[in-house]
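Enquirer: Quick one: the structure is below, questions incoming.
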Amino acid sequence: MVSESFIDSENHYLSVVKVAASIYKPGTGHISKECSGVLVEERLVVTAAHCVCDERPPVTPESPGTTIVDKKARCATTVYVRFLTYDSQAALSSNDAEHIPADESDPYRGTVHIPEEFKIVYKEVEGLSGEVVKSTIFSNADIAAISLTDSVKEKVKYTPLATNQLARGEKVVLVGYGLPYLGDSIGRDRRFGENHVVAIKLDGTTFQVGKQNVEVAGTYTGEAPDARVSSGSYITTGDSGGPCFRVTRKRLEVVGIAKSVRVGTLKLSAYTSISRYMDWLQNIPKS
């Protein structure tokens, strides 16, 4: 997270995991990808589909000058999941908030499931500083499920999935292993921060998170509405696949999964709506 975020030293969000995928690419070898994810049932983790698939070039009649991520690209079939637990007592006595002792679990092996309709299209455009950047021009169903082979031994309670859609203006908690600044890799720590839902896509598949009084329309049809940058917690690269939580009756629910949006600058954080994919998730094999 960038801006207003904190290390989860008191282990409120133990269900948020690190996801590691290895994808074999001919001529290149194995490509390693690391993201965040969340345990939503005893042996089921949800993350983002772009975290477990590589990019591919277009084929006719797809748009030239783009790169695409979908099930036609090379995707990992098996991934590994780790839990991170902080030493809360050591955190209380530590004067160094950025080096809190933590234990990482042994890896849990899991099988990957991706919706058939998953697709992301990137296109090179000129950024604000004149450099060429890849911008997202289309995305759909950026969500993946991981069925764990073994039961989780750690004392971790899964966080249930929300069954109803978010409303604009709701306060949410973002959690992930991204760096506390704009970077291109996963971080060591699990970080969290609060912000608000500021816009919901008309078809209900995604929503945008940002400051409550952000200057943005409440609904949108493209990848993201235009908005000015403002304070609050925003996701970075390593937070991809991590959850957006809603707090109801003093319990957490997973309402969204951090999706891929490349715009060249930080404006809003984009999430895939869990409620839109509940039917698909409920049909995932649990082992």
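Just so it is clear, none of the values below were taken in a lab; they were calculated from the coordinates. Model, not experiment: these values are computed from the prediction. So basically every Cβ, Gly included, is an ideal-geometry build from the backbone, and we count neighbours across all protein chains shown.
Enquirer: How much length is gained if the chain between HIS30 and GLU131 is pulled fully straight, taking 0.36 nm per residue apart and subtracting their Cα-Cα distance, in nm to one decimal?
Expert: Extending this stretch completely gives an extra 33.5 nm.
Enquirer: Now for a separate question. Through the Karplus equation 6.51 cos²θ - 1.76 cosθ + 1.60, θ set to phi - 60°, convert the phi angles of segment 132-145 into ³J(HN,Hα) values in whole Hz; use x for Gly and Pro.
Expert: Running phi through 6.51 cos²θ - 1.76 cosθ + 1.60 with θ = phi - 60° gives 8, 10, 8, 10, 6, 10, 7, 8, 7, 6, 7, 8, 9, 10 Hz.
Enquirer: Ok, one more. Calculated from DSSP H runs of 4 or more alone, at -39500 (n - 2.57) each and per residue, what is the 222 nm mean residue ellipticity of the chain, nearest 500?
Expert: -1000 deg cm²/dmol
Enquirer: Roughly how many whole Å is it from the C-alpha centroid of segment 101-148 to that of segment 28-91?
Expert: 6
Enquirer: Now for a different question. In nm, give the distance between the simple-model label positions of GLU117 and GLU42, each being 7 Å from the Cα along the Cα-to-Cβ direction.
Expert: With each label point 7 Å from Cα toward Cβ, the separation is 3.2 nm.
Enquirer: Placing unit charges on C-beta atoms (Lys and Arg positive, Asp and Glu negative, everything else neutral), compute the dipole magnitude of the chain about its Cα centre in debye, rounded to 20.
Expert: 540
Enquirer: On to the next question. For ILE284 and LYS155, compute 0.36 nm times the residue count separating them, minus their Cα-Cα distance, and round to one decimal in nm.
Expert: Value of the extension gain: 44.1 nm.
Enquirer: Work out the charge dipole of the chain with +1 on the Cβ of Lys and Arg and -1 on the Cβ of Asp and Glu about the Cα centre, then indicate which of PHE192, THR47, GLY27 is farthest towards its positive end.
Expert: Result: THR47, furthest along the dipole toward the positive end.
Enquirer: Using the charge dipole of segment 2-282 (Lys, Arg: +1 at Cβ; Asp, Glu: -1 at Cβ; taken about the Cα centre), state which of THR248, TYR122, PRO64 has its Cα farthest towards the positive end.
Expert: Working it through, the farthest residue towards the positive pole turns out to be THR248.
Enquirer: Still on this model: Counting DSSP beta bridges in the chain, what percent are antiparallel, to the nearest 5?
Expert: Percentage antiparallel, nearest 5: 95.
Enquirer: Under a point-charge model restricted to the Cβ atoms of Lys and Arg (+1) and Asp and Glu (-1), what is the dipole moment magnitude of segment 131-219 relative to its Cα centre, in debye to the nearest 20?
Expert: Dipole size: approximately 300 debye.
Enquirer: Still on this structure: Please report the net charge: other residues with Cβ closer than 14 Å to the Cβ of ARG276, K and R +1, D and E -1.
Expert: Here the charged neighbours net out to -2.
Enquirer: Among [x] 0.95; [y] 1.01; [z] 1.07, which one is Rg/Rh (Cα atoms, Kirkwood Rh) computed from these coordinates?
Expert: Derived directly from the coordinates: [x].
Enquirer: A follow-up question, please. If you consider only alpha-carbon coordinates, what radius of gyration and Dmax does segment 35-156 have, in Å?
Expert: 19.1, 61
Enquirer: Mind listing which chymotrypsin sites (Phe, Trp or Tyr not before Pro) in segment 151-210 are in a DSSP loop and have 15 or fewer other Cβ atoms within 10 Å?
Expert: Answer in residue order: TYR181.
Enquirer: Still on this structure, please answer the following. What FRET efficiency would be calculated for the residue pair GLU104, ARG56, taking the C-beta separation as r and a Förster radius of 41 Å, to the nearest 0.05?
Expert: 0.80
Enquirer: With an 8 Å Cα cut-off and a minimum separation of 6 or more residues, compute the relative contact order for segment 2-282 in percent.
Expert: It rounds to 22 percent for segment 2-282.
Enquirer: Nearest 0.05, what FRET efficiency do VAL247 and SER88 give at R0 = 25 Å with Cβ-Cβ as r?
Expert: Plugging the Cβ-Cβ distance into 1/(1 + (r/R0)^6) gives 0.75.
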